[in-house]
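Colleague: To start, I am sharing the structure in question, which I have written as structure tokens.
The values are calculated or read from the model by the stated rules, or taken from the named source; none is laboratory data. This structure is a prediction, so every number in the text was calculated from the model and none was measured. Cβ sites come from the backbone with ideal geometry, for glycine too, and all protein chains shown count toward neighbours. Only protein heavy atoms, including side chains, enter the accessible area calculation; ligands, DNA and RNA are left aside. Shrake-Rupley method; radii C 1.70, N 1.55, O 1.52, S 1.80 Å.
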Amino acid sequence: MPVKIKAVQKRNPQKPTEPAKWYPQAVGDGETNLSDLAAYASAVSTVSKGDILAVLETVLTKVSQDLSEGKIVRVGEYFTLQMGVTGNSSEKEEEVTAAKVKSAHILFRPGKMLGDMVKLATFKK
């Protein structure tokens, strides 16, 4: 099924005097939640939805714990997760401390399987 797109107008911040141009932007079309994933897995296997939900909840709790400890979490060929931070600059290396961190975020890096899927994606307006 193709990914839906819409046209959005944007200005180039490096060239603010130029007229805005139109660009394609992906549009969310529904969502899949943990229960949906468990129901699918149950339908294509011999494991119950409740058992799958229990495993997924446990795995995701471990992912959260490991990320909070600074570990890189590799999920097979699917994706990798890692903590990232943004912070205030310092003139000297020794001035960089935890107090300089402004915010934290999760870095998502798709693996081979998701990368291949993106290359094969189709789109429709």
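Colleague: Using beta carbons and a limit of 6 Å, which pairs, at least six apart or on different chains, have the first residue in region 58-87 and over 21 Å from ALA99 (Cα atoms) and the second one among the basic types (Lys, Arg) and not in a strand (DSSP E or B)?
Modeller: GLU77/LYS112
Colleague: Going by the structure shown, is SER103 exposed (fewer than 11 other Cβ atoms within 10 Å of the Cβ) and part of a loop (DSSP other than H, G, I, E, B)?
Modeller: no
Colleague: Here are ASP36, ASP51, ASP66: which of them is modelled with pLDDT under 95 and either part of a helix (DSSP H, G or I) or touching a Lys or Arg at 6+ places or on another chain (Cβ under 8 Å) (or both)?
Modeller: ASP36
Colleague: If you check every pair at least six apart or on different chains, which have Cβ atoms under 9 Å apart with a residue in region 14-31 that is within 30 Å of THR122 (Cα to Cα) first and a residue that is assigned to a loop (DSSP other than H, G, I, E, B) and open to solvent by 80 Å² or more (accessible area, probe 1.4 Å) second?
Modeller: Pairs found: PRO19/ARG11; ALA20/ARG11; LYS21/ARG11; PRO24/LYS125; ASP29/MET1.
Colleague: While we're on this one: If SER68 satisfies every condition in (1) out of contact with any strand residue (DSSP E or B) (no Cβ under 9 Å at 6 or more places or on another chain); (2) surrounded by 10 or more Cβ atoms within 10 Å (Cβ to Cβ); (3) among the polar types (S, T, N, Q) but one, which is the exception?
Modeller: (1)
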